[in-house]
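Structure, as structure tokens:
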Amino acid sequence: IQLERVVAQQLGATLSASGSVRARRVTEIGSEVSGRIVRVHVDVGDTVEEGAALFQIDPEPYRMALAEAKAGLALAQAESDNASAEAARIAKLVELSAASQQRHDQLVTQAEVARARVAQMRAGLDRTRRELARTTVVAPYAANVVERAAHEGSMSTGAPVIVLQERGALEFVVNVPEASSAPVRREDPVRLFIEGVADPIESRVERVNARVDSETRTYQVRGLVQDPAGQVKAGSYLRAELTIGREVPRPSVHRSAVLTRDGRTFVMRVQDGVVSRTPARVGIRAGDRIAILPGVEVGDLIVRGPGAARIADGTRVRVKQPLQAARAEDAP
């Protein structure tokens with residue numbers, strides 16, 4: 001049988017995954033107030049700054065409502081002032097025993113009701129002002145117009161009229177197989193090959209989804225797409241090459257030394273001339289080398305090659321030539 005020493009290596013692997021380019025923010029813009037659209041200021045392909053007007057709802061009904069609210073507030077204020085003055089006048093008569101306390105109490109209540117009506121009308125006036133201001137719909141951020149769903153004359157009832165895509169903020173979204181050789185982590189380097197773009201784009205992983213899709217058995221990985229030349233478009237297909245691992249040296253063995261039986265992974269370790277089955281978890285696979293997570297240590301003697309699968313647990317062996325622990329760079 002063949003034997004080898006476990007060595008420490010910085011293993012790295014390149015994982016290929018497919019995905020697409022997406023905008024960080026895509027927003028469907030509708031109006032908060034209903035009405036007839038009298039003007040659309042933008043069209044597909046336009047770029048807009050934050051606060052730029054996108055479309056206009058007919059403001060005339062809201063201007064009329066504002067005028068009515070102002071008149072209603074003025075009337076309520078006059079009635080309140082009159083009620084307060086009358087209550088104050090009767091209060092003096094009560095002191096002179098020229099009016100009843102009951103009458104005074106009634107007028108005080110009427111004055112309080114009038115003041116409450118003033119507050120109600122003022123709130124209605126503020127609401128009407130806000131509604132009038134919202135007849136002009138503006139961009140919430142700097143963006144590109146990617147869709148226009150309505151034209152002048154259409155009635156707006158809250159449905160999207162304009163779709164915006166945040167300008168200059170693209171990200172890659174790739175689907176990584178759950179069964180990859182090692183998990184992808186933040187800051188892992190990524191090379192992006194995007195449809196329609198001649199040269200690959202270098203990037204890094206920024207976010208890793210903690211959930212695995214139960215149907216595709218993949219999880220999403222995201223990061224920024226640097227595109228100063230403006231060549232990349234949202235929705236483009238891409239292929240990503242992710243470099244994973246290489247963080248610290250870890251115990252590693254030849255792939256033929258790692259066995260799986262009944263769903264359990266193990267190696268056949270030799271201690272004091274006796275072979276024993278030792279559970280082990282595998283990490284990164286790079287070529288013929290596999291990183292071993294807790295289970296074996298650097299310097300351990302293990303069985304590799306075809307004999308690893310044939311030898312039984314508890315078998316006694318004699319090492320003909322003592323094996324020295326190899327350096328990482330000498331490992332096969």
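Taking the range 133-223, which GluC sites (Glu not before Pro) meet the DSSP loop condition and have no more than 15 other C-beta atoms within 10 Å? Write out the running numbers ahead of the final one.
Details: sites: Glu147, Glu152, Glu166, Glu171, Glu178, Glu187, Glu195, Glu202, Glu206, Glu215; in loops: Glu152, Glu178, Glu187, Glu195, Glu206, Glu215.
Answer by residue number: Glu152, Glu178, Glu187, Glu195, Glu206, Glu215.
Once the other residues with Cβ under 12 Å from the Cβ of Pro177 are scored (Lys, Arg +1; Asp, Glu -1), what is the net sum?
Numbers: positive: Arg217; negative: Glu178, Asp213.
Its environment carries a net charge of -1.
Among Ile29, Gln220, Gly158, pick out the residue whose Cα is farthest towards the positive end of the charge dipole of the chain, where Lys and Arg carry +1 and Asp and Glu carry -1 on C-beta, about the Cα centre.
Gln220
Would you work out the relative contact order for the chain, in percent, from Cα pairs under 8 angstrom that are 6 or more residues apart?
On the way: 697 pairs, mean separation 97.0, N = 332.
RCO, the chain: 29 percent.
Please give the FRET efficiency for Lys92 paired with Ala67, using the beta carbon to beta carbon distance and R0 = 41 Å, rounded to the nearest 0.05. Show your work: numbers first, answer last.
Working: r = 39 Å, r/R0 = 0.95.
That gives a FRET efficiency of 0.60.
With a 1.4 Å probe and all protein chains left in place, how much accessible area per residue does the chain have, in Å²?
Working: 19270 Å² over 332 residues.
On a per-residue basis, the chain sits at 58 Å².
What is the dipole size for the range 106-256, taken about its Cα centre, with +1 at each Lys and Arg Cβ and -1 at each Asp and Glu Cβ, in debye to the nearest 20?
560 debye
Compute a Gaussian network model of the chain, connecting alpha carbons closer than 10 Å, and tell me which residue from Val173, Val137, Val44 fluctuates the most.
Among Val173, Val137, Val44, the largest GNM mean-square fluctuation belongs to Val44.
How much net charge surrounds Ile201 when only other residues with a Cβ under 9 Å from its Cβ are counted (Lys, Arg +1; Asp, Glu -1)? Could the numbers behind the result be given before it?
On the way: positive: Arg191; negative: Asp199, Glu202, Asp227.
Taking every Cβ under 9 Å from that of Ile201, the sum is -2.
Based on Cα positions only, what radius of gyration and what Dmax would you give for the range 1-138, in angstroms?
Every Cα atom of the range 1-138 included, Rg and Dmax give 33.6, 122 Å.
So the label point goes 7 Å from the Cα of Asp43 along Cα→C-beta, right? Which residues of the range 138-176 then have their backbone N under 12 Å from it?
Inside the label zone: 148.
Calculate what fraction, in whole %, of the accessible area of the range 1-100 sits on carbon and sulfur atoms when a 1.4 Å probe is rolled over the protein chains. If you can, show how the numbers build up before the last one.
Details: 2690 of 5590 Å².
With neighbouring chains kept in place, the figure for the range 1-100 is 48 percent.
Taking only the alpha-carbon atoms of the chain, what semi-axes of the equivalent ellipsoid follow from 5 times the gyration tensor eigenvalues under a square root, in whole Å, largest first?
Details: eigenvalues 1190, 190, 40 Å².
Three semi-axes, in Å: 77, 31, 14.
For Met64, tell me the accessible area in Å² from a 1.4 Å probe, rounded to the nearest 10.
Accessible area of Met64: about 120 Å².
Compactness ratio of the range 1-59: Cα Rg over 2.2 N^0.38 Å, N = residue count? Spell out each step's value before the answer.
Numbers: Rg = 27.8 Å, N = 59, 2.2 N^0.38 = 10.4 Å.
Cα Rg divided by the expected 2.2 N^0.38 Å: 2.68.
Could you tell me what percent of the accessible area of the range 173-218 is made up of carbon and sulfur, with a 1.4 Å probe and every protein chain present? Provide the component values of the computation, followed by the final result.
Details: 1370 of 3020 Å².
With neighbouring chains kept in place, the figure for the range 173-218 is 45 percent.
Could you compute the net charge surrounding Asp300? Neighbours are other residues with a C-beta less than 10 Å from the C-beta of Asp300; K and R count +1, D and E count -1. Can you show the working numbers first?
Values: positive: Arg5, Arg269; negative: Glu4, Glu297.
Net charge around Asp300: 0.
Taking R0 as 25 Å, what FRET efficiency do you get between Arg264 and Ser16 from their Cβ-Cβ distance, rounded to the nearest 0.05?
Numbers: r = 29 Å, r/R0 = 1.16.
In this case the efficiency is close to 0.30.
Okay, helix-only estimate at 222 nm for the chain: each DSSP H run of n ≥ 4 adds -39500 (n - 2.57), divide by all residues, round to 500 deg cm²/dmol; what do you get?
Numbers: 3 runs with 73 residues, N = 332.
Using -39500 (n - 2.57) per qualifying helix, the result is -8000 deg cm²/dmol.
Considering only Ile290, Val274, Val138, whose Cα is most displaced toward the positive end of the charge dipole of the chain, charges sitting on Cβ of Lys, Arg (+1) and Asp, Glu (-1)?
My answer, from the dipole projection, is Val274.
Using DSSP to call loops (not H, G, I, E or B), can you name the trypsin sites (Lys or Arg not before Pro) in the range 227-319 whose Cβ has at most 14 other Cβ atoms within 10 angstrom?
Qualifying residues, ordered by number: Arg318.
Relative to the longest principal axis of the C-alpha atoms of the chain, give the angle of the C-alpha long axis of helix 101-133, reported between 0 and 90° and rounded to the nearest 10°.
50 degrees
Suppose R0 equals 35 Å; then what is the FRET efficiency for Arg130 and Leu75 from their Cβ-Cβ distance, rounded to the nearest 0.05? Don't skip to the answer; put the middle values down first.
On the way: r = 22 Å, r/R0 = 0.62.
Computed FRET efficiency for Arg130 and Leu75: 0.95.
For the range 153-230, what class follows from the C-alpha gyration tensor (a ≥ b ≥ c being the square roots of its eigenvalues): rounded when a/c is under 1.5, otherwise prolate if a/b is larger than b/c, else oblate? Mind dumping the intermediate values first?
Values: a/c = 2.83, a/b = 1.49, b/c = 1.90.
Oblate.
The values are calculated or read from the model by the stated rules, or taken from the named source; none is laboratory data. Owing to the predicted nature of the structure, the values given are computational and were not obtained by experimental measurement. For neighbour counting, all protein chains shown are included, and Cβ atoms are generated from backbone atoms with ideal geometry for every residue, glycine included. Quick note on the areas: whole protein, heavy atoms, side chains included, nothing else; ligands and nucleic acids left out. Shrake-Rupley method; radii C 1.70, N 1.55, O 1.52, S 1.80 Å.
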